[in-house]
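Asker: This structure is in structure tokens; I'll ask about it shortly.
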Amino acid sequence: MPLKTRTRWGRRSLLWGVMAGVCLWAAAHAGACPFCEAPDVTLTQQVQQSDVAVFVQWVEGKPVNRETNFPGSTTYQIVDVLHDASGTLRKGGRFDIVRYRAGRPGDLFLMLGSYTTVIEWGSPIEISEAGLNYIRMAPTKEASTRERLGYFVRFLEFSDRVIADDAYAEFAQAPYEDVVTIVDLMPREKLRTWITNPATPVNRLGLFGLMLGLCGNAEDAELMRQKILEPSEGFRIGIDGIMAGYVLLTGEEGLALIEREKITDKSENFSEHVACMQTLRFLWTYAKDRFPPERLKRAMRLMVENPKIADLVIADLARWQDWDSTPRLIELYGTPGYDVPFVQRKILHFMWAAEDSRPKDAQPTPEYVKQAQEFLRRIEAEDPEIVQQARKTYFR
């Protein structure tokens, strides 16, 4: 069974689809690394969850013969048995599968199967001697978080791609709270190299940037600053993780730089602003002990001034209960850039959320609630159609 990954992430029209994917990804992988492509299951997890797991060598294969209705077959010899719920497999033994798989004598594969009364084999996974030893030595699922991640961190960007991919996948699935338990084991010098190496798979950069922010120093902060400020035209996968790592490392100074150089620069491409938004979301979730909520609200509020991303940001401000934004959103409604339905609907959603946030029997009525209610009455009278549309997508 091959590994499957959900990919995420240009023009604005393309990025709308991207952002929908990001929202689905976030829901599906809540608790996973916030800047990684999280796979459904890692290779080591597949091994540990299977009933049968063996390393085999390809012996011979017989192709399909349509004239005799022969479906094809492949013979494998067992090199090692990791576990076997059937109790029937032995090192050196052979078995056939009823399908033809091309190979050469001696080629190594990992074979996984499920067992009830017979073994149902999955597809063979090509593997090297190094991969065989990597899986053999991997910690069990009962091992502690630190033990597991401490093992896999050694194989990030390993020369064998199967191993490197699986080690990355383990981190992509790991919650941030687990990743921080191995800060002292993170390979700082290697992380610096990987972040600046054009050959590094771009989907790794978010993780590596975050990790360098956790274990790095002032020299690393400067490296990340330069990376963040590089001119960009298209979507830079992973720059959100590098931004987050940079801000973790530099604190208020780093957040102020992101605001000054990225957030308030409306000439930046849309994807860079998305990365800023993702960074602020990360800080809100994981770094409130270092950045007071009001400070993060203030940073996110700056992004409302950019109509290209305002609709996404308004939803965050409502979730964060930033009711101080109420007057400004009322001012912006209907102005150029904020006169399109998807932005108008988000502003209406914000106002309903503000209205709903009022504590029962609160006296006097908070000023922001009065403002929201007056605005909603006005828009309902002026444009009942947009209000009706917005209600269809507003969920209390």
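Asker: Given the -39500 (n - 2.57) contribution per DSSP H run of 4+ residues, what per-residue ellipticity at 222 nm results for the chain, rounded to the nearest 500 deg cm²/dmol? Before the final figure, lay out the partial values.
Answerer: Details: 18 runs with 194 residues, N = 396.
So the calculated ellipticity at 222 nm is -14500 deg cm²/dmol.
Asker: Spelling out what I want: for every residue of region 73-83, take phi, set θ = phi - 60°, compute 6.51 cos²θ - 1.76 cosθ + 1.60 (Karplus), and round to whole Hz; glycine and proline get x.
Answerer: In residue order, the calculated couplings are 7, 9, 10, 10, 10, 7, 8, 7, 10, 6, 7 Hz.
Asker: If R₀ is 56 angstrom, what is the calculated FRET efficiency for the pair residue 355 and residue 177, using the beta carbon separation as r and rounding to 0.05?
Answerer: Working: r = 35 Å, r/R0 = 0.62.
Approximately 0.95, to the nearest 0.05.
Asker: Towards the positive end of the charge dipole of region 81-234, with charges on Cβ (+1 Lys, Arg; -1 Asp, Glu), say which of 180, 89, 213 has the farthest Cα.
Answerer: Among 180, 89, 213, the one farthest towards the positive end of the dipole of region 81-234 is 89.
Asker: Over its Cα atoms, what ratio of radius of gyration to 2.2 N^0.38 Å does the chain give?
Answerer: Working: Rg = 26.5 Å, N = 396, 2.2 N^0.38 = 21.4 Å.
Here the Cα radius of gyration is 1.24 times the empirical estimate.
Asker: What does the highest-first list of 198-205, 39-46 look like by mean Cβ count within 10 Å? Intermediate values should be presented prior to the final figure.
Answerer: Working: 198-205: 14.9, 39-46: 19.6.
Packing order, densest peptide first, comes out as 39-46, 198-205.
Asker: Over the chain, what percent of the accessible surface lies on carbon and sulfur atoms, probe 1.4 Å? Don't jump to the answer; show the numbers that get you there.
Answerer: On the way: 9890 of 19190 Å².
Exposed carbon and sulfur together represent 52 percent of the surface.
Asker: Let me ask another. Can you pull the percent of Cα pairs in region 275-396 with separation above 19 Å? Mind dumping the intermediate values first?
Answerer: Numbers: 3524 of 7381 pairs.
Every Cα pair in region 275-396 considered, those over 19 Å come to 48 percent.
Asker: So, in nm, how far is label residue 202 from label residue 83 when the simple model puts each one 7 Å beyond its Cα toward the Cβ?
Answerer: In this crude spin-label approximation the distance works out to 3.9 nm.
Asker: Order these peptides, 253-262, 181-190, by their mean beta-carbon neighbour count within 10 angstrom, highest first.
Answerer: Working: 253-262: 17.6, 181-190: 14.5.
Ranking the peptides 253-262, 181-190 by packing returns 253-262, 181-190.
Asker: Quick one: Karplus J couplings for region 168-178, per residue in order, coefficients 6.51, -1.76, 1.60, θ = phi - 60°, nearest Hz, x for Gly and Pro?
Answerer: 4, 4, 4, 6, 4, 8, 7, x, 4, 4, 7
Asker: OK, next. Straight-line reach only, C-alpha to C-alpha below 12 angstrom: list the aspartates and glutamates that residue 91 could link to, leaving out same-chain residues fewer than 8 apart.
Answerer: Partners found: 80.
Asker: To make sure I understand the rule: partners must be lysines, Cα under 28 Å from the Cα of residue 392, and not fewer than 8 residues away in the same chain. Which ones qualify?
Answerer: Result set, ordered by chain and number: 297, 308, 346, 360, 370.
Asker: Less than 23 Å apart at the alpha-carbon level, and either on another chain or at least 8 residues along: which lysines does that give for residue 141?
Answerer: 4
Asker: Right, here's the next one. Whole Å is fine, so just give me how far the alpha carbon centre of region 376-390 lies from that of region 98-146.
Answerer: 60
Asker: Follow-up question, since we're still on this one. Rounding to the nearest 20 debye, state how big the charge dipole of the chain is about its Cα centre with +1 on each Lys and Arg Cβ and -1 on each Asp and Glu Cβ. Don't jump to the answer; show the numbers that get you there.
Answerer: Working: 49 positive and 54 negative charges, 111 e Å.
That gives the chain a dipole magnitude of about 540 debye.
The values are calculated or read from the model by the stated rules, or taken from the named source; none is laboratory data. Everything numeric in this text was worked out from a predicted model, so none of it was measured. Positions of Cβ are generated from backbone atoms using ideal geometry, with glycine treated the same way; all protein chains shown enter the neighbour counts. These area figures cover heavy atoms from the full protein model, side chains too; ligands, DNA and RNA do not enter into them. Shrake-Rupley method; radii C 1.70, N 1.55, O 1.52, S 1.80 Å.
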